[in-house]
Amino acid sequence: MPNKPDFGFERVQNADAKKTGKIVGIVVACLIALVLIFNCTYQVNEQESAVLVTLGQAKSITDSGLHFKLPFIQSVKKVNTTIQGFSIGYDEYSNYIPDESLMITSDFNFVNVDFFVEYRFSDPVKAVYASKNPVEILKNISQSCIRSVVGSYPVDEVLTTGKNAIQAAIKEKIISQMDAQDLGLQLVNITIQDAEPPTDEVMEAFKAVETAKQGKETALNNANKYRNEQLPGAEAKSDEIIKDAEATKAQRINEATAQVARFNAMYSEYVKNPTITRKRMFYETMEDVLPSLKVVIESGDSNMQTIYPLESFVTNEDSAEQ
């Protein structure tokens, strides 16, 4: 006689299956709820900005804090707004990267120059959508501008005195090109980290040049010091000579003026009495020429004058010598 089916065991199995199904349903429902809850909120840190994208279009920019969004419809793309940077010409171990650092100057010399570029994202929307990799574009623009500017300066200025001017020129050129690209990036600063010749021999030569320049500066300073010490005395002596010359000039002018006045007075008298004036001038001249000679002047009928010396023209001393 066949066994009867055990309907009680089947009922227990059906009850267990229903119970397990409920538990699975509850777990799935909880998971779905958790996914929805976590997908409805997002957190933005202090140094970030978030771009809220709705169906592929940027709708708004949110700052730090907890925010809500529509799940599966809206997404969030975060952008770091702090000042960031990258190096050009050297790696993280401070080793030169020749492809980036080796450059040629305007006087056809080679030099290794490395830079550090600082930037920040000024427009999060453009930073997300304007290009795929805006930082890489900034690096390429920076390298191009660096080579262009360094190539317009001689090697001496690149290594020594021209670094500030080079940095300013590079920064201005990068900003101009970044404005044209409109990538949502802002160049904060670019600085020369180091600049040196590519070989030890060239480096030693530049050190010798720098030593010579310092010697030149020392010599110039000493020369300027000596000049400053000697210049006051020379200026005083020059002033003295000029004053003496001006006094002599004034004296000569006064004497000449007096002689002119005397001549004019004599001429006016001569015009009035030519004969008397001529005789007087002759006698005065003879007094100057023969101050100690005694003579007798005889006038004849023929208007001729004869001079007879009373003493010898030759003195006793002259006679003794003869």
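The values are calculated or read from the model by the stated rules, or taken from the named source; none is laboratory data. Model, not experiment: these values are computed from the prediction. Please note: Cβ atoms are built from the backbone with ideal geometry, for glycine as well, and neighbour counts cover all protein chains shown.
Data for the structure
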| quantity | calculated |
| --- | --- |
| Residue count, region 136-161 (criterion: of a type in the set (A, V, I, L, M, F, W, C) and surrounded by fewer than 17 Cβ atoms within 10 Å (Cβ to Cβ)) | 0 |
| Some residue of region 119-133 being closer than 16 Å to I88 by Cα and hydroxyl-bearing (S, T, Y) | yes |
| Evaluation of S292 against (1) at pLDDT 90 or above; (2) not in a helix (DSSP H, G or I) (one fails), failing number | (1) |
| Yes/no for Q177 being modelled with pLDDT of 85 or more and under 18 Å from the mean Cα position of the chain (by Cα) | no |
| Any pair with Cβ under 6 angstrom, 6 or more apart, that starts in region 204-215 at a residue that is closer than 14 Å to V155 by Cα and ends at one that is outside any helix (DSSP H, G or I) | F206/P197 |
| Pair list, Cβ < 6 Å and 6+ apart or interchain, from region 62-81 residues that are hydroxyl-bearing (S, T, Y) and at pLDDT 75 or above to residues that are assigned to a loop (DSSP other than H, G, I, E, B) and surrounded by 15 or more Cβ atoms within 10 Å (Cβ to Cβ) | none |
| Selected residue [of a type in the set (D, E, K, R), at pLDDT 85 or above and out of contact with any Leu (no Cβ under 6 Å at 6 or more places or on another chain)] from E118, E48 | E118 |
| E100 vs. criteria in a helix (DSSP H, G or I), among the acidic types (D, E), at pLDDT 70 or above and closer than 30 Å to V149 by Cα | yes |
